[in-house]
Amino acid sequence: QKVSVEVLDHLEHLALVDFRDSEGVERLQKAIQFADQLQEVNTDGVEPMDSVLEDRWCLYLREDDVTEGNCTKELLENAREKLEEYFVAPPGNIPLPKLEERETFLQGC
Amino acid sequence: LAPWIPVVGLEIHAQISSNSKLFSGSQVQFAAPPNSLVSFFDASLPGTLPVLNRRCVEAAVMTGLALNCSINKKSLFDRKHYFYADLPAGYQITQQRVPIAVNGSLSYSLCIDNRMSQMVTKTVRIKQIQLEQDSGKSLHDDTRCQTLVDLNRAGVGLMEVVMEPDMCCGEEAAAAVRELQLILQTLGSSQAVMAEGQLRVDANVSVHHPGEPYGVRTEVKNINSIRFLAKAVDYEIQRQIEELENGGTILNETRAFDSKLGCTVPMRDKEGKQDYRFMPEPNLPPLILYDTKSLPANMNHQQVINIDWIQERLPDLPSVKREKLVEQYGILPEHSFTLLNEDGLAEFFESVVKQTQMKPKKVIGWILNDLLSYLKQHSLTVKESPVSSILLADLLNLLEKKEISSTAAKRVLAELWKGEGKTPLEIVKEQKLELLQDQKELEQICQAVIDGQENEVIMMVLG
């Protein structure tokens, strides 16, 4: 069962991946096939597992103290563009153009 | 024309009142230099991990209990993915599968026909309360075609309270949110000040004909006050009715409320239906809560949250406080409603009652009619009142002892508002407002008045 072009296009929009060529799509197909093997196991009435540690995996609760922050300079060193002490980003989400308007190998499918 | 039934549901985000953030140790504070309250985790730098803040869990449990919810002893964290500049990780940690509290209710009161004397109680079901992260703040700089991002708010703890679509108009939505606000402030779990973004409300609105299925709903955002909430909801209901009666259709879209124009407009930057690709948060195990029965014997108590312990320490909720005021002081329910609606007014009232012999039923009139209307006229809070409870009590004592008349008392009060530091007694003496007790003196004055108004006296005697 092949993954449809609509789903591939949807994935490219959602995750901003680029399947690039038929090899990329084939790799995806194989990954789905591999993962689908999980469906062969009957898990009726079995609670999903959160961790192999089961109830030994304890959530640590931190006290409500201020212990971090105050490192504006360091954080802004990672910014490609900054203005005063703000990170600068494009004006809004620039959506990926629709399938018909993109130069993508998916067009031919 | 067939009648329309409007249906209103609410999603409310309340910022948790805590020193540090939900999953990191950076400070929670309004208005600080940009990006100064940001830890490496908040900035989503690789290699950082979330560590849950105990205080945030307690706040959510308190709120769940106050809203009559079932507290889930095991709740889970999930990732909700979407791209936005103020969400550096590309996902928000939330509780989508199993939230911390479910199936509660909130009772609120409404005045019928705008008259305080006729109040009706309504209930809205609480679907759930979940813990989640707040995002950073985007400042849109349209002139330079860019967005400035401040991550101070990124990672602050939120309680999302989901109210079922049990409301039917702006007034009900506003009243429900107001009551929730009072509850949160009483609990201290959130300061819930809308103007500072500590309480954000999104409304889900649809209309349908009786007997038919629910209509398509729209989501209304960008509502900045309780007053605007009522306006936004009512506008959207009207817009949908008009659209449908003109043969149009309602799109399942997100709209923003424009407070200047008093209308809702489609929101930009919303590309079709979002697919959030929810997945379990792999870095956090389930959150386990205990009660007295299930309390583990040998665990470090700092690592244990006991629901019963929290329940026992809940303060009196607004509804209980109102009942107590009515019972203790013999005032009307609508009086207690107003007392609790103004920050500090109930305490002021009780303080005056303690310091005066005047009956509470009479004192309440001075509080609600004279004090409150003055404060409103001058946009003052109770705390800013130039007339303290002591001064008002002194004045009411003079009135109660019949040393002055009611009219004189109002004049003294008008003088007290000036806040010149004079006591009521001083003002009474200054303006010679004392009631005359001397019978002879009174007779002399009456006779003088009669003598001076001969014509009027004759008219009166003749009938």
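The values are calculated or read from the model by the stated rules, or taken from the named source; none is laboratory data. Worth saying up front: this structure is predicted, and the values here are computed from it rather than measured. FYI the Cβ positions are ideal-geometry reconstructions off the backbone, even for glycines, and counts take in every protein chain you see. Ligands, DNA and RNA are excluded from the accessible area calculation, which covers all protein heavy atoms including side chains. Shrake-Rupley method; radii C 1.70, N 1.55, O 1.52, S 1.80 Å.
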* Asked: By how many nm would the segment from B:Val193 to B:Lys354 grow when fully extended, if each residue of separation counts as 0.36 nm and the alpha-carbon distance is taken off?
  -> 54.9 nm
* Structure fact -> Taking Lys and Arg as +1 and Asp and Glu as -1, residues besides B:Leu368 with C-beta under 10 Å from its C-beta add up to -3
* To do: Quickly work out the B:Leu435-to-A:Ile94 label distance, labels modelled 7 Å from Cα along the C-beta direction, and quote it in nm with one decimal.
  => 8.1
* For segment A:1-40, what D do you get in µm² per second when you plug the Kirkwood radius from alpha-carbon pairs into Stokes-Einstein at 37 °C and 0.692 mPa s? -> 304
* What whole-number value in cubic angstrom gives the convex hull volume per residue for the C-alpha atoms of the protein assembly as shown? -> 277
* Structure fact -> Rounded to the angstrom and largest first, Cα extents along the principal axes for chain A equal 53, 48, 20
* Do any trypsin sites (Lys or Arg not before Pro) in segment B:285-362 lie in a DSSP loop with no more than 14 other beta carbon atoms within 10 Å, and if so, which? -> B:Lys293, B:Arg313
* If the chain between A:Val41 and A:Leu28 were fully stretched, how many nm would it gain, using 0.36 nm times the residue separation less the Cα-Cα distance? -> 2.5 nm
* Asked: What share of all Cα pairs of segment B:243-331, in percent, falls into each consecutive 10 Å distance bin?
  -> 10, 17, 15, 19, 27, 11, 1
* Asked: With +1 on each Lys and Arg Cβ and -1 on each Asp and Glu Cβ, how big is the dipole of segment A:1-40 about its Cα centre, in debye rounded to the nearest 20?
  -> 80
* What is the diffusion coefficient of segment B:372-418 in µm²/s, taking the Kirkwood radius over Cα pairs and the Stokes-Einstein relation at 20 °C with a viscosity of 1.002 mPa s? -> 191
* Listed residue pairs exceeding 27 Å between alpha carbons, taken from B:Lys324/B:Lys402; B:Lys231/B:Lys362; B:Lys324/B:Lys354; B:Lys73/B:Lys122 -> B:Lys324/B:Lys402; B:Lys231/B:Lys362; B:Lys73/B:Lys122
* Computed over the Cα atoms of chain B, what is the ratio Rg over Rh, Rh following Kirkwood? -> 1.09
* Taking one equal scatterer on every alpha-carbon of segment B:1-144, how large is log10 of I(q)/I(0) by Debye at q = 0.10 1/Å? -> -0.50
* Kindly provide the pair-distance distribution of segment A:21-71 built from C-alpha pairs, with 5 Å bins from 0 and whole-percent values in order of increasing distance. => 4, 12, 10, 11, 11, 11, 10, 9, 11, 9, 1
* Asked: Relative contact order, percent, of chain B when contacts are C-alpha pairs under 8 Å separated by at least 6 residues?
  -> 15
* Asked: So, with a 1.4 angstrom probe, what is the percent of accessible area on chain B that is carbon and sulfur?
  -> 52
* Estimated [θ] at 222 nm from DSSP helical runs (n ≥ 4, -39500 (n - 2.57)) normalised by residues in the protein assembly as shown, nearest 500 -> -10000 deg cm²/dmol
* **segment B:386-426-segment B:65-116 distance, computed between alpha-carbon centres (Å)** => 48
* Asked: Hey, what's chain B come to in accessible area per residue, 1.4 Å probe, Å²?
  -> 51
* **Loop-resident sites, segment B:240-344, for GluC sites (Glu not before Pro), counting at most 11 other Cβ within 10 Å (DSSP)** => B:Glu271
* Asked: Between the DSSP loop rule and a limit of at most 15 other Cβ atoms within 10 Å, which chymotrypsin sites (Phe, Trp or Tyr not before Pro) in segment B:17-86 are left?
  -> B:Phe30, B:Tyr82, B:Phe83
* **segment B:314-463 - Kirkwood radius from inverse mean 1/r over Cα pairs (Å)** => 17.6
* Percentage of interatomic Cα-Cα distances in segment B:83-152 larger than 21 Å -> 59
